[in-house]
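Take a look at the structure below.
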Amino acid sequence: MNKNRLKLFLTTQFIFLIGLNYYINAQTISAGFNHSLFSCVSGSSQSVGSNTSGQLGLGNYVSHSVPVQVSGLNGIIAVDASYSHSLFLKNDGTVWSVGSNGQGQLGDGTTTSKTTPLQVLGLTGITSISASIDFSVFLKNDGTVWAVGNNIGGQLGDGTTQSKSTPVQVIGLTGITAISSGMYHSLFLKNDGTVWATGDNNYGQIGSQPLFGVSTPVQITGLNGITKVAAGGTHSLFLKNDQTVWGVGSNYYGQLGNSNVGSNNYNPFQITGLSQMINVSAGYLHSLFLKNNGTVWASGANTYGQLGDNTTIDRSIPFAIPGLNGIITIDAGVHFSLFLKNDTTIKSAGNNNSGQLSDGTTIERHTPVLVNGACSVTLETQENYIENSVSVYPNPCHELLFIEFTDIYTDYANTIAEIFNLQGQLLQTIALKTGNTKIQVDHLTKGIYLVHIKSPKGIIVEKIIKN
């Protein structure tokens with residue numbers, strides 16, 4: 001067979017069904033305390049790990065070591081896992097939540113925990129979500145920020161330290177483009193490259209502010225040109241527009257690199273040894289850094305092997321995690337780490353006591369292992385004698401892509417093709433109409449894409465390379 005011409009055959013005989021698993025790209029990944037969340041380009045979401053508070057969203061309290069579908073949700077474009085609750089952002093700008101609710105962090109006006117997702121009250125036009133230990137933060141499309149849940153340290157930024165069960169607006173913030181929540185502090189990135197923060201400051205995690213923190217946002221001095229923020233347990237990370245990384249707060253375990261190890265830092269400083277970085281993620285006591293060549297660097301606590309270097313030795317000097325390449329997204333949880341690759345697979349390392357690494361076990365992993373079945377679907381044909389054959393070619397492609405059917409029974413009038421990038425964005429929808437459709441792809445940049453072919457018989461997913 002021509003290597004540039006890929007064929008996918010789905011065949012059934014008599015009463016037998018053939019099931020084929022296809023990975024259809026996790027759009028976002030999120031590592032919590034003992035559970036993980038994945039959103040898929042299909043709009044579904046999956047969860048894995050501890051479910052003792054109903055945080056997996058299954059309508060029960062059963063934990064899992066392989067991903068399972070979250071109940072009743074569709075159109076999901078982002079997820080975020082916390083200590084024991086979960087947030088889901090829909091493509092209509094609404095937010096849904098599930099799990100522990102003792103401090104009102106689910107935003108439904110109660111403090112009663114839930115096992116199936118419910119809509120957060122009063123929120124529309126939301127573009128970003130952040131779930132922390134027992135509070136939640138939301139960014140709106142008008143640049144304002146809203147928050148709900150525990151407020152003991154002033155982390156909700158509403159000028160009080162009283163917890164809330166329905167979202168309140170964070171005082172005095174406009175032009176915000178990104179948010180991140182730590183254990184008891186919140187970070188806000190403004191469109192001018194400055195960073196603002198509110199909440200606890202016992203470790204210096206919001207800079208040179210009062211020791212016990214603030215309840216309304218203040219600017220973190222010494223930072224400018226910032227493009228990304230990440231709030232950890234008691235430390236904060238900042239990515240600058242020159243691709244350097246800066247940090248502030250606790251460095252007891254080397255999570256801020258090898259400067260002032262074992263101390264608190266109240267003034268942001270550049271973390272040495274890191275350049276050409278494009279993303280940062282702050283865990284409870286460790287940090288992850290994504291470089292522009294697809295490698296991941298790490299430092300900090302390594303008690304459970306969350307740094308992925310095949311040891312449990314803490315590291316204060318950032319290093320490249322062996323064996324990881326082609327990574328496009330990172331997320332540091334409490335004692336484990338998740339990595340999304342450009343081939344749509346996910347790897348994980350660290351604590352696995354509840355199955356949160358999603359490798360089908362509860363065995364602690366000190367080197368990254370493959371996540372089992374995240375964002376996969378089983379495609380099954382109907383019980384008949386029809387052989388359904390589809391060709392997607394050439395692959396790699398340049399200016400044109402062809403989708404050809406050899407099954408004369410295909411319902412072309414109700415068949416479409418959708419092209420997604422590896423970040424899960426829908427780029428193009430094409431009505432196929434005929435048995436051989438030509439698609440113009442010269443507008444796509446070089447890289448890997450996913451083609452979803454949707455017909456009344458099911459979905460076929462193909463990975464293509466654009467040269």
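The values are calculated or read from the model by the stated rules, or taken from the named source; none is laboratory data. Here the structure is a predicted model, which means the values were calculated and not measured. FYI the Cβ positions are ideal-geometry reconstructions off the backbone, even for glycines, and counts take in every protein chain you see.
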Tell me whether the range 159-167 contains one or more residues that are assigned to a loop (DSSP other than H, G, I, E, B), in the same structural domain as GLY247 (by TED's automatic domain parsing) and within 21 Å of ASN60 (Cα to Cα). no
Given the conditions (1) closer than 17 Å to HIS443 by Cα; (2) at pLDDT below 80; (3) not hydroxyl-bearing (Ser, Thr, Tyr), report the number of the one that ILE408 does not fulfil. (1)
I need the full set of residues from the range 89-108 which are more than 16 Å from the chain's Cα centre (by Cα) and either at negative phi or surrounded by fewer than 20 Cβ atoms within 10 Å (Cβ to Cβ) (or both), in order please. ASP92, GLY93, THR94, VAL98, SER100, ASN101, GLY102, GLN103, GLN105, LEU106, ASP108
SER186 meets each of (1) in a strand (DSSP E or B); (2) farther than 30 Å from LYS140 by Cβ with one exception, condition (2)
How about the range 294-360: which strands (runs of 3 or more DSSP E) wholly inside it have at least 3 residues that are closer than 17 Å to ALA81 by Cα, at pLDDT 95 or above and of a type in the set (S, T, N, Q)? none
Return yes or no: is PHE319 assigned by TED's automatic domain parsing to the domain that holds PHE38 and free of Cβ contacts under 8 Å to residues at least 24 places away in the same chain? yes
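Quick grid of which residues meet (1) over 22 Å from THR28 (Cα atoms); (2) not aliphatic (A, V, I, L, M); (3) not in a loop (DSSP other than H, G, I, E, B):
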position	(1), (2), (3)
LEU58	no, no, no
VAL79	no, no, yes
GLY93	no, yes, no
LEU106	no, no, no
THR112	yes, yes, no
VAL148	yes, no, yes
GLN155	yes, yes, no
